[in-house]
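The numbers here are math on the coordinates, done by the rules we state, and not lab data. Note that the coordinates shown come from a computational prediction; the quantities given were computed from them, not determined experimentally. Note that each Cβ is placed from the backbone with ideal geometry, even for glycine, and that neighbours are counted across all protein chains shown.
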Amino acid sequence: MIVNTGEDDASVPGADADDLSLAFPPGAEPPFRTPVSVLVATAVRKGRRRRIATLSAKAALFALPVVAAAVVFANSSPGKVTTAVRPPSSPNGASSAPIDDCTGAQLSGKVFRGGSQSSQPFEEIVLTNGGPGPCHLFGYPRITAWGSTGQGPSAPLDTVLTQGSTFEIPDPGPTKLVLAPGGPAWFALGASTAYGGPMVSIDRVVIDVGSAAGGSAGHVSVTLGMGASGPQGKAIPITVTAFASGIPPTP
């Protein structure tokens, strides 16, 4: 017979079937010398210890990454921040520094080739960037022709400038060019000797380029020798082609 002292409530908090099986092992037969309440309390204590052990194991597993992170942080150098490094921009995307217009201080000029056909003389003039950086040339050159009729020193001539193709050289049309250091560009200059006015000898042209400090234009002076004439009592017609990259093509 089981002796019940009134404390054998199997619903004691914390007791479950597994815990009770510890107190009532299989094959055990009454009568029990230990009161049921004591056996149940023992089972509860064992169950709690087993749950505490289980929770401790789970807590240890959770703490592992925290401990690892703390070790890594402890071994890192204090105050050191690593930032992402981006590659420099490619030349085409390029570098965004603005490019200024070519100035007279950067450019030098010379005649590349000259000739005449059907009373239509021409000169091909090459400008070269002698500066340390790139610069822009755009559109058509602005020139002043200097010369003499043989009765006095060289002086600015009365001319009228036309933009387009000459008799010999087709006009490439206006484009914006970038001249690298040492890079050339060219244009053609054409006139006529078939007009009835007096013949003049154009001994140089002064090309206006860029802008110097104070707003005055820069100049490139190029020596040449080209005959020209104009209608009687009128300005001498001169035609210029647009700036083109490189040097003139071989005819």
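Please order 144, 128, 250, 175 by the number of other Cβ within 10 Å, starting at the fewest.
Arranged by neighbour count, lowest to highest, 144, 128, 250, 175 become 250, 175, 144, 128.
Just round it to a whole percent: the fraction of Cα-Cα distances in region 103-176 exceeding 18 Å.
The calculated P(r) of region 103-176 puts 58 percent of pairs beyond 18 Å.
Just rank 224, 179, fewest to most, by other beta-carbon atoms within 10 angstrom.
In order of increasing Cβ crowding within 10 Å: 224, 179.
Short version: ³J(HN,Hα) in whole Hz for each residue of region 168-182, in order, from phi by Karplus 6.51 cos²θ - 1.76 cosθ + 1.60 (θ = phi - 60°), x for Gly and Pro, what are they?
Calculated HN-Hα couplings, in order: 9, 10, x, 7, x, x, x, 9, 8, 9, 10, 9, 5, x, x Hz.
Could you pull out every residue, at least 5 positions away or on a different chain, whose amide H is within less than 5 Å of the one on residue 230? Hs are placed 1.01 Å off N in the peptide plane, and Pro or chain starts have none.
Answer set, sorted by chain and number: 197.
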